[in-house]
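Peer 1: Got a structure here, written out as structure tokens. Questions coming.
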Amino acid sequence: MDIVATGALEGAALEAWRSYLQSHASILRELDAELAAEHALTTRDYEVLLYLAQEPDRRLPMSALSERTMLTRSGITRLVDGLVDCGLIERVSCQNDARVSYAKLTDSGYDKLRDAGQTHIASVRRMFLAHFTPEEIETLATLLSRLPGAGGGGSCSVE
């Protein structure tokens, strides 16, 4: 029986879906709490700083940042405004097109990201990777890469 084609969501399919949702929410909540307590950052803040750090000029157009984070334009604007207020990023105008605005990581933002990265990596190891064998992690990576939006690549720290 094709588990995807049936009308009901039950048994192993339901358990897999519930486990995914609950563990995702639980892990993100704890990552957020640890980053907030130790570095005054949210996981969204961390994500934005990381995207910027991974770019050659440490900057991205606001529209690209909105797409990568899957936030609306107003959502990314509010998030960036908070990071600008903290001195972690700055807004840069495009010299060729006044309609384009960039978010650029500051040196202070890069340093903050490096420090927070140690906490983040340790937390990911403890809350996620420690529950699987290396072989299971390889299998899980393959399986999860099939999901919509997966496979973005990149690192989860600047180290």
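The values are calculated or read from the model by the stated rules, or taken from the named source; none is laboratory data. No experiment lies behind these values; they were computed from the predicted model shown. Here Cβ is always computed from backbone atoms with ideal geometry, including for glycine, and neighbour counts include all displayed protein chains.
Peer 1: Out of all the residues in the stretch 62-79, is one or more out of contact with any Phe, Trp or Tyr (no Cβ under 9 Å at 6 or more places or on another chain), closer than 26 Å to H24 by Cβ and in contact (Cβ under 8 Å) with a residue 60 or more places away in the chain?
Peer 2: Yes, because at least one residue in the stretch 62-79 is out of contact with any Phe, Trp or Tyr (no Cβ under 9 Å at 6 or more places or on another chain), closer than 26 Å to H24 by Cβ and in contact (Cβ under 8 Å) with a residue 60 or more places away in the chain.
Peer 1: Moving to a separate point now. Hey, does the stretch 132-152 have a residue that's at pLDDT 90 or above, surrounded by 10 or more Cβ atoms within 10 Å (Cβ to Cβ), in contact with a helix residue (DSSP H, G or I) (Cβ under 7 Å, 6 or more places away or on another chain) and not in a loop (DSSP other than H, G, I, E, B)?
Peer 2: Taking every residue of the stretch 132-152 in turn, at least one turns out to be at pLDDT 90 or above, surrounded by 10 or more Cβ atoms within 10 Å (Cβ to Cβ), in contact with a helix residue (DSSP H, G or I) (Cβ under 7 Å, 6 or more places away or on another chain) and not in a loop (DSSP other than H, G, I, E, B).
Peer 1: Going by the structure shown, is G117 touching a Ser or Thr at 6+ places or on another chain (Cβ under 6 Å), under 29 Å from E38 (Cβ atoms), in contact (Cβ under 8 Å) with a residue 24 or more places away in the chain and surrounded by 16 or more Cβ atoms within 10 Å (Cβ to Cβ)? Walk me through how you get there before you give the answer.
Peer 2: Details: touching a Ser or Thr at 6+ places or on another chain (Cβ under 6 Å): yes; under 29 Å from E38 (Cβ atoms): yes; in contact (Cβ under 8 Å) with a residue 24 or more places away in the chain: yes; surrounded by 16 or more Cβ atoms within 10 Å (Cβ to Cβ): yes.
When the stated conditions are applied, G117 passes them.
Peer 1: For the stretch 82-97, enumerate the residues that are loosely packed, with under 14 Cβ neighbours inside 10 Å and either within 14 Å of S108 (Cα to Cα) or within 18 Å of the chain's Cα centre (by Cα) (or both).
Peer 2: Within the stretch 82-97, D85, G87 meet the criteria.
Peer 1: Could you tell me which of the residues R68, R58, R29 is of a type in the set (K, R), modelled with pLDDT of 95 or more and either over 17 Å from M127 (Cβ atoms) or over 20 Å from the mean Cα position of the chain (by Cα) (or both)? Even if it seems obvious, please write down each step before you answer.
Peer 2: Values: R68 fails: modelled with pLDDT of 95 or more; R29 fails: either over 17 Å from M127 (Cβ atoms) or over 20 Å from the mean Cα position of the chain (by Cα) (or both).
Among R68, R58, R29, only R58 is of a type in the set (K, R), modelled with pLDDT of 95 or more and either over 17 Å from M127 (Cβ atoms) or over 20 Å from the mean Cα position of the chain (by Cα) (or both).
Peer 1: Select from the stretch 71-81 the residues that are buried (at least 18 other Cβ atoms within 10 Å of the Cβ) and under 22 Å from A150 (Cα atoms) and write down the one among them that is nearest to the chain's Cα centre (by Cα).
Peer 2: Just the residues of the stretch 71-81 that are buried (at least 18 other Cβ atoms within 10 Å of the Cβ), to begin with: 71, 76, 79-80.
Applying the additional criterion that residues be under 22 Å from A150 (Cα atoms) yields 71, 76.
Working: L71: 11, I76: 13 Å.
Looking at the filtered set, the residue picked out is L71.
Peer 1: Okay, next question. Failed condition for L35, given (1) more than 16 Å from the chain's Cα centre (by Cα); (2) part of a helix (DSSP H, G or I), with all others met?
Peer 2: (1)
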